[in-house]
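Working notes, structure below.
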Amino acid sequence: MSPTALEPGSPAPDVTLPRDGGETVSLADLKGGPVVLYFYPRDDTSGCTKEAIAFTGLLDDFTAAGATVLGVSKDSVAKHEKFVAKHGLKIALLSDEEGDVCERYGVWVEKSMYGKTYMGIERATFLIDGDGRIAEVWRKVKVPGHAEAVLEAVRAL
């Protein structure tokens, strides 16, 4: 599926992944309320930490708006648990070690840094409505102000 295939109105590909704490989370179980599904490159890196802390800081507001916030990376559940403990995170972090969900959401992309190209996760967020459809997509996310912008979109649903 190409990255442009997931646009507002598209059905959200199902996600069933293990999370920190040992549970499994499935999008199908969350229908009826909005879901913020955000993809980030790696636990405990500068931008990813700031993004997770921003979503954690607004979690009560997301919950009040009826939304579930889920972060996804290819890090293991064990790494997620260390990340959560180190920074006091309250959002659920899902482990997509095989990369299947990243592929289906079109966020496993070629990136470049210092003249080298490599494959990695594009920082992207998908707002999924209560019917399981993509309501809004943010690609190549810049962290400052992003969690607040997503919260506004949730409230506007």
Interchain or long-range residues, amide H under 5 Å from Lys74's placed H: Asp96
Helix-derived mean residue ellipticity, 222 nm - over the chain, DSSP H n ≥ 4, -39500 (n - 2.57), to 500: -8000 deg cm²/dmol
Per-residue ³J(HN,Hα) for region 127-134, Karplus 6.51 cos²θ - 1.76 cosθ + 1.60, θ = phi - 60°, Hz, x for Gly and Pro: 9, 10, 7, x, 8, x, 10, 5
Loop trypsin sites (Lys or Arg not before Pro), region 113-149, which have at most 14 other Cβ atoms in a 10 Å radius of their Cβ (DSSP): Lys140, Lys142
Karplus-derived HN-Hα couplings along region 23-29 (A = 6.51, B = -1.76, C = 1.60, θ = phi - 60°), whole Hz, x at Gly and Pro: 7, 10, 10, 10, 4, 4, 6
Within the chain, longest stretch free of exposed GluC sites (Glu not before Pro) [DSSP loop, at most 15 other beta carbons within 10 Å]: 24-96
Alpha-carbon centroid distance for the pair region 126-157 / region 1-69, whole angstrom: 10
Estimated distance in nm for a label pair at Thr24 and Arg133, the labels positioned 7 Å out from Cα along Cα-to-Cβ: 2.9
Approximate spin-label separation Lys90-Thr117, in nm, with each point projected 7 Å along Cα-to-Cβ: 4.3
Beta bridges by DSSP in the chain, antiparallel share as percent, to the nearest 5: 70
Counting all C-alpha pairs of region 74-157, share separated by more than 23 Å (%): 35
Label selected from (i) 1.22; (ii) 1.17; (iii) 0.96, the criterion being Cα Rg over 2.2 N^0.38 Å as computed here: (iii)
Convex hull volume per residue for region 1-94, taking Cα atoms only, in Å³: 110
Approximate spin-label separation Thr45-Val109, in nm, with each point projected 7 Å along Cα-to-Cβ: 1.4
Cleavage-rule hits (trypsin sites (Lys or Arg not before Pro)) in region 8-86: DSSP loop, at most 11 neighbouring Cβ within 10 angstrom: none
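None of the figures in this text is laboratory data; all of them are computed from the coordinates on show. Computed from a predicted model, the values in this text were never measured in an experiment. Neighbour counts run over all protein chains shown; Cβ positions are idealised from the backbone, glycine included.
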